[in-house]
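Novice: Handing you a structure now.
The values are calculated or read from the model by the stated rules, or taken from the named source; none is laboratory data. All values derive from a computational prediction rather than experimental measurement. Here the Cβ positions follow ideal geometry from the backbone for every residue, glycine too, while neighbour counts run over all protein chains shown.
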């Protein structure tokens, strides 16, 4: 397949956490099109697993969809050079009040391949050590603990809809509960 | 927990498929903040299952992340009033060249709860009937077929990263392969 060729990218609006560009692209058919593009520094998220196997989620109000959500702890990188594992460790401690020296890569999630550059590297954190939650001034978060089977049921019954959280709960479940049982 | 209150929303930029707003919000602590908000009409996606159990994905180049992706067929609603099941049926036929009268709801995915209104209702389509692919002029798609176990391995080995696709493959696998085996 002949490739798409991007011949220009113009910043149209600088938001607080996202930048909006207009991309000028020549399609494989030779036609010039203009597409939306969102620039993003990248992010990290973490599935925090307590010793009894329960998983910590954060409950927070999400302005974009006007309701509370349950999500795995996550946050943006401070710069495009920040290691996502360090970002995950920081967000874990900030949002849940636990830290961990046992953080393992699970998967990368691209939330909106159609128009956003954002990638979220998701990790699993174990051997959690109680520390201190320190939220950003505009963050208001409650932490909640669930068994993995409850979480799987909450995804399948449409109670958890956040993409990184739904994908990560299911990936964690299949990798560490289903496949390891069959191994 | 006291609620966040949004007291204004201003359109900052009108893109081709997304609109960017600045939201003015009072936090539970009484502080006024400005947050990014992306307006979106909503979308639908579909896991197309062939008679032999294999699943159809679409391979396409994604400008936002500068590479080809494997995704379940998906697309935006034509209006905020369009039924997402109809949208899923249309995208199925347009992108894969199959249609179906057996389309069942799987889950809703919110790709970016942090700043976008977008919701994707995901369906499972069975009893596929060969029809005709009719892509948008700027769409260049190849269809690919995989067994579900291959797809699960591709998610767990980080080869499939698109959030709606990763989440839906895992949800489909757990609901129809793992749980039904245990039932």
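Novice: Would you call residue A:137 within 14 Å of chain B (Cβ to nearest Cβ) and either under 16 Å from residue A:42 (Cβ atoms) or surrounded by 21 or more Cβ atoms within 10 Å (Cβ to Cβ) (or both)?
Specialist: Details: within 14 Å of chain B (Cβ to nearest Cβ): yes; either under 16 Å from residue A:42 (Cβ atoms) or surrounded by 21 or more Cβ atoms within 10 Å (Cβ to Cβ) (or both): no.
Taking the combined requirement at face value, the residue does not satisfy it.
Novice: Looking at the stretch A:45-83 only, could you name the residues that are farther than 23 Å from residue A:152 by Cβ and away from every other protein chain (no Cβ under 11 Å)?
Specialist: A:77, A:78, A:79, A:80, A:81, A:82, A:83
Novice: A further question on this structure: Residue A:28: touching a helix residue (DSSP H, G or I) at 6+ places or on another chain (Cβ under 8 Å), at negative phi and not in a helix (DSSP H, G or I), yes or no?
Specialist: Spelling it out, it is not the case that residue A:28 is touching a helix residue (DSSP H, G or I) at 6+ places or on another chain (Cβ under 8 Å), at negative phi and not in a helix (DSSP H, G or I).
Novice: Read through the list (1) assigned to a strand (DSSP E or B); (2) within 14 Å of the chain's Cα centre (by Cα), then give the number of the only condition that residue B:92 fails.
Specialist: (1)
This table checks each residue for (1) within 23 Å of residue A:169 (Cβ to Cβ); (2) out of contact with any helix residue (DSSP H, G or I) (no Cβ under 7 Å at 6 or more places or on another chain); (3) without any contact (Cβ under 8 Å) to a residue 40 or more places away in the chain.
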residue: B:93; (1), (2), (3): no, yes, no
residue: B:123; (1), (2), (3): yes, no, no
residue: B:130; (1), (2), (3): no, yes, yes
residue: B:137; (1), (2), (3): no, yes, yes
residue: B:159; (1), (2), (3): yes, yes, no
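Novice: Looking at (1) within 24 Å of residue A:14 (Cα to Cα); (2) assigned to a loop (DSSP other than H, G, I, E, B); (3) more than 9 Å from every other protein chain (Cβ to nearest Cβ); (4) modelled with pLDDT of 95 or more, which is the only condition residue A:87 fails?
Specialist: (2)
Novice: Looking at (1) closer than 23 Å to residue A:52 by Cβ; (2) within 7 Å of chain B (Cβ to nearest Cβ), which is the only condition residue A:93 fails?
Specialist: (2)
Novice: Go through (1) modelled with pLDDT of 95 or more; (2) within 17 Å of residue B:43 (Cα to Cα); (3) outside any strand (DSSP E or B) one by one and return the number of the condition residue B:106 breaks.
Specialist: Here residue B:106 meets the rest and fails (3).
Novice: Among the residues of the stretch B:43-61, which ones are surrounded by 18 or more Cβ atoms within 10 Å (Cβ to Cβ) and either under 23 Å from residue B:173 (Cα atoms) or under 13 Å from the mean Cα position of the chain (by Cα) (or both)?
Specialist: If the condition is that a residue be surrounded by 18 or more Cβ atoms within 10 Å (Cβ to Cβ) and either under 23 Å from residue B:173 (Cα atoms) or under 13 Å from the mean Cα position of the chain (by Cα) (or both), then B:43, B:44, B:45, B:46, B:47, B:48, B:49, B:55, B:56, B:57, B:58 are the ones that fit.
Novice: Right, another one. Can you pull out every residue in the stretch B:4-22 that is within 7 Å of another protein chain (Cβ to nearest Cβ), more than 26 Å from the chain's Cα centre (by Cα) and either part of a strand (DSSP E or B) or loosely packed, with under 14 Cβ neighbours inside 10 Å (or both)?
Specialist: B:6 - this is the single residue of the stretch B:4-22 that is within 7 Å of another protein chain (Cβ to nearest Cβ), more than 26 Å from the chain's Cα centre (by Cα) and either part of a strand (DSSP E or B) or loosely packed, with under 14 Cβ neighbours inside 10 Å (or both).
Novice: Moving on to the next point. So, of the residues in the stretch A:142-159 that are within 9 Å of another protein chain (Cβ to nearest Cβ) and crowded, with 17+ Cβ neighbours inside 10 Å, which turns out to be nearest to residue B:113 (Cα to Cα)?
Specialist: Out of the qualifying residues, it is A:155.
Novice: From the residues in the stretch A:140-167 that are part of a loop (DSSP other than H, G, I, E, B) and touching a strand residue (DSSP E or B) at 6+ places or on another chain (Cβ under 7 Å), which one is nearest to residue B:5 (Cα to Cα)? Let's see the steps before the verdict.
Specialist: Applying the first criterion (part of a loop (DSSP other than H, G, I, E, B)) to the stretch A:140-167 yields A:140, A:147, A:157-161.
Narrowing further to those that are touching a strand residue (DSSP E or B) at 6+ places or on another chain (Cβ under 7 Å): A:140, A:158, A:160-161.
Details: A:140: 13, A:158: 26, A:160: 23, A:161: 23 Å.
Going through the qualifying residues, I end up with A:140.
Novice: Being more than 10 Å from every other protein chain (Cβ to nearest Cβ) and either part of a helix (DSSP H, G or I) or buried (at least 20 other Cβ atoms within 10 Å of the Cβ) (or both) is the requirement here; does residue A:174 meet it?
Specialist: On the way: more than 10 Å from every other protein chain (Cβ to nearest Cβ): no; either part of a helix (DSSP H, G or I) or buried (at least 20 other Cβ atoms within 10 Å of the Cβ) (or both): yes.
It is false that residue A:174 is more than 10 Å from every other protein chain (Cβ to nearest Cβ) and either part of a helix (DSSP H, G or I) or buried (at least 20 other Cβ atoms within 10 Å of the Cβ) (or both).
Novice: Scan the stretch A:23-37 for residues that are surrounded by 18 or more Cβ atoms within 10 Å (Cβ to Cβ) and more than 7 Å from chain B (Cβ to nearest Cβ) and jot them down.
Specialist: Of everything in the stretch A:23-37, nothing turns out to be surrounded by 18 or more Cβ atoms within 10 Å (Cβ to Cβ) and more than 7 Å from chain B (Cβ to nearest Cβ).
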